[in-house]
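K.L.:
Supplied in structure tokens, the structure appears directly below.
The values are calculated or read from the model by the stated rules, or taken from the named source; none is laboratory data. This one's a predicted model, so the numbers in the text were calculated from it and none came from an experiment. Note that we place each Cβ from the backbone using ideal geometry, even for glycine, and neighbour counts take in every protein chain shown.
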2 protein chains.
Amino acid sequence: MRDELLPGTLDMLILKALTLAPMHGYAIAQHLQQVSKDVLRVEEGSLYPALQRVQAKGWVKSEWRETPNRRRARYYTITAAGRKRLGDEMQSYQRMAAAIQRVLLGQKG
Amino acid sequence: MRDELLPGTLDMLILKALTLAPMHGYAIAQHLQQVSKDVLRVEEGSLYPALQRVQAKGWVKSEWRETPNRRRARYYTITAAGRKRLGDEMQSYQRMAAAIQRVLLGQKG
DNA sequence: TGCTTCCCATAGTTTATCTATGTAAAGACC
DNA sequence: GGTCTTTACATAGATAAACTATGGGAAGCA
């Protein structure tokens, strides 16, 4: 197991965060860390490549804006395709998480 | 999300399976698939490298034996270090799985 | 002036999994 | 006797994801 993140879940978590509001990268990381009670920590070296990834797939779009603090930041917005994708990923994830629980708890198949 | 497995969980699942009994690779794959109700499918190209990985770390040991079918197979047994490791990995996994659920369900941190 | 926080980004490495492929033996079927 | 399926192990090469390390810059505060 890695340290701060379950591999394969980052894109999903990013998309989920963006359903609440358009956000810049830094805010996404803060949000995930806060909601997860400090369990999920997204390194910048994971976050920004991931944002480029999901944008390249058409799941989010982005634009430069000014933050409330008067700083420039790239705001990401989830697209319709992104919402569709999020639904698929969540379903797949829940399926696997439930399956793993069955294995770990030693329940009968 | 990948297709058949949550990345980062395979070693843990293998170790968990081996707490039930020593098993050969093929049996481990069958066991995981069955207990997970066909959700978890471990490809051979993932399984055997993983078995070498956990053996190299000292979490399992192995020996050639004869199966009930009179075939030769390499049986893997979990070690004390492996049980310790399994406990750590399960705890870490449960922590992250719970954190991800909080994000996906939109609960407050 | 210097420190901290906010914010973006990339290069290079590591790790994990998958695809594809090869070997081989047992048993069933024809 | 020949073929197919199942059981069983293994590796090479590709792909993808995440990490470490590093760089820049602007705002605000001491």
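K.L.:
When you go through (1) within 12 Å of DNA strand D (Cβ to nearest atom); (2) over 11 Å from the mean Cα position of the chain (by Cα); (3) assigned to a helix (DSSP H, G or I) one by one for residue A:50, which number turns out not to apply?
P.N.:
(2)
K.L.:
Still on this model: Can you pull out the residues in the stretch B:15-33 that are of a type in the set (A, V, I, L, M) and either under 10 Å from the mean Cα position of the chain (by Cα) or facing chain A (nearest Cβ under 9 Å) (or both)?
P.N.:
Of everything in the stretch B:15-33, those that are of a type in the set (A, V, I, L, M) and either under 10 Å from the mean Cα position of the chain (by Cα) or facing chain A (nearest Cβ under 9 Å) (or both) turn out to be B:15, B:17, B:18, B:20, B:28, B:29, B:32.
K.L.:
Could you tell me which numbered condition residue A:3 fails, if it satisfies all but one of (1) within 12 Å of chain B (Cβ to nearest Cβ); (2) more than 10 Å from DNA strand D (Cβ to nearest atom)?
P.N.:
Among (1) within 12 Å of chain B (Cβ to nearest Cβ); (2) more than 10 Å from DNA strand D (Cβ to nearest atom), residue A:3 violates only (2).
K.L.:
Something else about it: Can you work out which of the residues in the stretch A:54-74 that are at pLDDT 95 or above and surrounded by fewer than 11 Cβ atoms within 10 Å (Cβ to Cβ) is farthest from the other protein chains (Cβ to nearest Cβ)?
P.N.:
Applying the filter and picking the extreme gives A:64.
K.L.:
Quick test for you: out of A:12, A:90, pick the one residue that is under 12 Å from the mean Cα position of the chain (by Cα), within 20 Å of residue B:97 (Cα to Cα), within 13 Å of DNA strand D (Cβ to nearest atom) and in a helix (DSSP H, G or I).
P.N.:
Working: A:90 fails: within 13 Å of DNA strand D (Cβ to nearest atom).
Of the residues listed, the single one that is under 12 Å from the mean Cα position of the chain (by Cα), within 20 Å of residue B:97 (Cα to Cα), within 13 Å of DNA strand D (Cβ to nearest atom) and in a helix (DSSP H, G or I) is A:12.
K.L.:
Does residue A:105 count as facing chain B (nearest Cβ under 9 Å) and closer than 29 Å to residue B:14 by Cα?
P.N.:
no
K.L.:
How many residues are loosely packed, with under 14 Cβ neighbours inside 10 Å and touching a helix residue (DSSP H, G or I) at 6+ places or on another chain (Cβ under 8 Å) when one looks only at the stretch B:5-35?
P.N.:
2
K.L.:
What residue, among those in the stretch B:36-45 that are surrounded by fewer than 16 Cβ atoms within 10 Å (Cβ to Cβ) and within 14 Å of chain A (Cβ to nearest Cβ), is nearest to DNA strand C (Cβ to nearest atom)? Steps first, please.
P.N.:
To start, the set of residues in the stretch B:36-45 that are surrounded by fewer than 16 Cβ atoms within 10 Å (Cβ to Cβ) comprises B:37-38, B:41, B:43-45.
Add one more test, that the residue is within 14 Å of chain A (Cβ to nearest Cβ), and what stays is B:37-38, B:41.
Working: B:37: 17, B:38: 14, B:41: 7 Å.
That would be B:41.
K.L.:
Now for a separate question. Do we have residue B:77 as under 18 Å from residue A:106 (Cα atoms) and surrounded by fewer than 16 Cβ atoms within 10 Å (Cβ to Cβ) here?
P.N.:
Yes.
K.L.:
Quick check on my filter: what residues within the stretch B:7-57 are in contact (Cβ under 8 Å) with a residue 24 or more places away in the chain and charged (D, E, K, R)?
P.N.:
Scanning the stretch B:7-57 gives B:11, B:16, B:41, B:43, B:53, B:57.
K.L.:
Right, something else. Within the group B:51, B:18, which residue is modelled with pLDDT of 95 or more, within 22 Å of residue A:96 (Cα to Cα) and more than 15 Å from DNA strand C (Cβ to nearest atom)?
P.N.:
B:18
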